[in-house]
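Questions regarding the structure given below will be posed in turn.
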Amino acid sequence: MTALAYRIDRSSRASRIGSSVLLGLGLILATVPQFFVATVVQQLTSLFIFVILAVMWNALAGYGGLVSVGQQAFIGFGAYGTVFLAQRDVPPYLAVLLAAGASAVLAAVLAPLVLRLRGGPFAVGTWVVAETLALLVVLDHSLGGGTGVSLRGLNVFRPDERRAYTYWLALAFLVLLLGAVFVLLRGRTGAGLQAIRDDEEAAASLGVRVWPLKAGLYVLAGFGGGAAGALILANTLFIEPRSIFGVQWTAYMLFMVLVGGIGTFEGPLLGALLFFGVQYLFADYDAWYLIGLGLTAGAFALFLPRGLWSLVPVRLLPVGYHLRRDGPGFDRPR
């Protein structure tokens, strides 16, 4: 009997092909403002923002086991941080970039506090942080208080220029964050995060650096949330605390990730596309719309916990390690 030889491989032909396809798609999408009407550009910008939120929450909860219901803290902080900087004569698009970076700094400051918590207490703690930030904004009349505020600095651009610049910036953030998550999850860091998700104590006993990995992932998610919030402001030009700090953002992220496929790289992309269509059709139903999202996400969590992407027989961008048998025709992800 011939012994079978296997080896561990971190790369695969599928991941190279998939990344090339996505890069090509990104280049094609970069031409959209040149050929499509304003409504298409603005709607695609919204879709990119949803994808950013889904990918960030999936990295946090699906791979790191950090189930946050307070990522709207960073969404609101990024948006109001942009306003704060623009009020001090910082160019508006530079303010968007700086606000995203400031959101990462906020996450680094909060990490020693919130990452002491696990499970339900962690989820509640992140929600409390979001509510506290929202209250601070309401009390600050220079930021519009509870009535909201506009980003007047973008009025120096013509409407078509503003939409195009916002679109390209959203696409750049999306490509950057997708690339960062892909690289993060393919190597030892991704394996370590999944070990922490499955059993934190066991991971620590095996030498996994629990605190640095959790903190780094939390900071990355904070950066992504802040970028999304700043882009929401640049796309809509107006925000108010009740909406930008609203818990509905958690409902959106839960829906996109659970329906698309939690713990998969491609699932949140599919979930964001589905949510984009659902929102377009049913957003006018107000509270019933949110209830429907919650019930749908709960049903998927119970009956199809790996989401719709688990029904797809191929993986466009497999991450992590792979078990490969020496010889042709065999490449199976582990």
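What follows draws every value from the coordinates through simple rules; no lab data is involved. Since the structure is predicted, the reported quantities are computational estimates derived from the model, not experimental observations. Cβ coordinates were reconstructed from backbone atoms using ideal geometry, including for glycine residues, and neighbour counts include every protein chain displayed.
With only Lys, Arg, Asp and Glu charged, each at its Cβ (+1 for the first two, -1 for the last two), find how big the charge dipole of the chain is about the Cα centre; round to the nearest 20 debye.
Values: 23 positive and 16 negative charges, 204 e Å.
For this selection, approximately 980 debye.
I would also like to ask the following. What base-10 log of the normalised intensity I(q)/I(0) is obtained for region 77-155 from the Debye formula, alpha carbons as equal point scatterers, at q = 0.20 Å⁻¹?
-0.92
Right, next: Taking the Cα-to-Cβ direction at Leu113 and at Asp140 and moving 7 Å from each Cα, how far apart do the two end points lie in nm?
1.5
Give the Cα extents of region 251-314 along the principal axes, in whole Å, largest first.
36, 21, 15
Here's a follow-up. Got a sec? Which residues in region 245-269 would a label at Val21 touch, if it sits 7 Å along Cα→Cβ and we count backbone N under 20 Å?
Within reach of a label on Val21, which here means backbone N under 20 Å from a point 7 Å along Cα→Cβ, region 245-269 contributes 260-269.
Another question, if that's okay. How large is the dipole of region 80-197 about the Cα centre if only Lys and Arg carry +1 and Asp and Glu carry -1, each at its Cβ, rounded to the nearest 20 debye? Intermediate values should be presented prior to the final figure.
On the way: 10 positive and 5 negative charges, 90 e Å.
In total the dipole reaches around 440 debye.
If I model a spin label as a point 7 Å beyond the Cα along the Cα-Cβ vector, how far apart are those points for Thr39 and Arg158 in nm?
Label-label distance for Thr39 and Arg158, simple model: 2.2 nm.
Placing +1 at every Lys and Arg Cβ and -1 at every Asp and Glu Cβ, with all other atoms neutral, what dipole size does region 180-297 have around its Cα centre, in debye to the nearest 20?
On the way: 6 positive and 8 negative charges, 76 e Å.
It comes to approximately 360 debye.
Return the ratio Rg/(2.2 N^0.38 Å) for region 42-191, where Rg is computed over Cα atoms only.
So region 42-191 has a normalised radius of gyration of 1.13.
Also, quick follow-up: For region 208-272, what class follows from the C-alpha gyration tensor (a ≥ b ≥ c being the square roots of its eigenvalues): rounded when a/c is under 1.5, otherwise prolate if a/b is larger than b/c, else oblate?
Verdict is oblate for region 208-272.
Same structure again: List the equivalent ellipsoid semi-axes of the chain in whole Å, largest first, each obtained as the square root of 5λ for an eigenvalue λ of the Cα gyration tensor. Mind showing how you got there, number by number?
Working: eigenvalues 235, 111, 72 Å².
In descending order, the three semi-axes are 34, 24, 19 Å.
Kindly express, to the nearest 10 degrees and within the range 0 to 90, the angle between helix 13-29's C-alpha long axis and the longest C-alpha principal axis of the chain.
Rounded to the nearest ten degrees, it is 20.
Length gain on complete extension for the stretch Arg306 to Val32, per 0.36 nm per residue less the alpha carbon to alpha carbon distance? Intermediate results must be reported in sequence, preceding the final value.
Working: separation 274, 0.36 × 274 = 98.64 nm, distance 3.28 nm.
Once the chain is fully extended between Arg306 and Val32, it gains 95.4 nm.
Here's another thing I want to ask about it. Which length gain, in nm to one decimal place, applies between Glu131 and Leu94 when the Cα-Cα distance is subtracted from 0.36 nm times their residue separation? Walk me through the intermediate numbers first.
On the way: separation 37, 0.36 × 37 = 13.32 nm, distance 2.70 nm.
Gain on stretching Glu131 to Leu94: 10.6 nm.
For Asp198 and Ala180 in the same chain, what is the full-extension length gain: residue separation times 0.36 nm, less their Cα-Cα distance, in nm?
Details: separation 18, 0.36 × 18 = 6.48 nm, distance 2.23 nm.
Taking Asp198 through Ala180 to full extension adds about 4.3 nm, to one decimal.
Using helices alone, I'd like the mean residue ellipticity at 222 nm for the chain: each DSSP H run of four-plus residues gives -39500 (n - 2.57), total over residue count, nearest 500. Can you show the working numbers first?
Values: 14 runs with 222 residues, N = 334.
Estimated from H runs of four or more residues: -22000 deg cm²/dmol.
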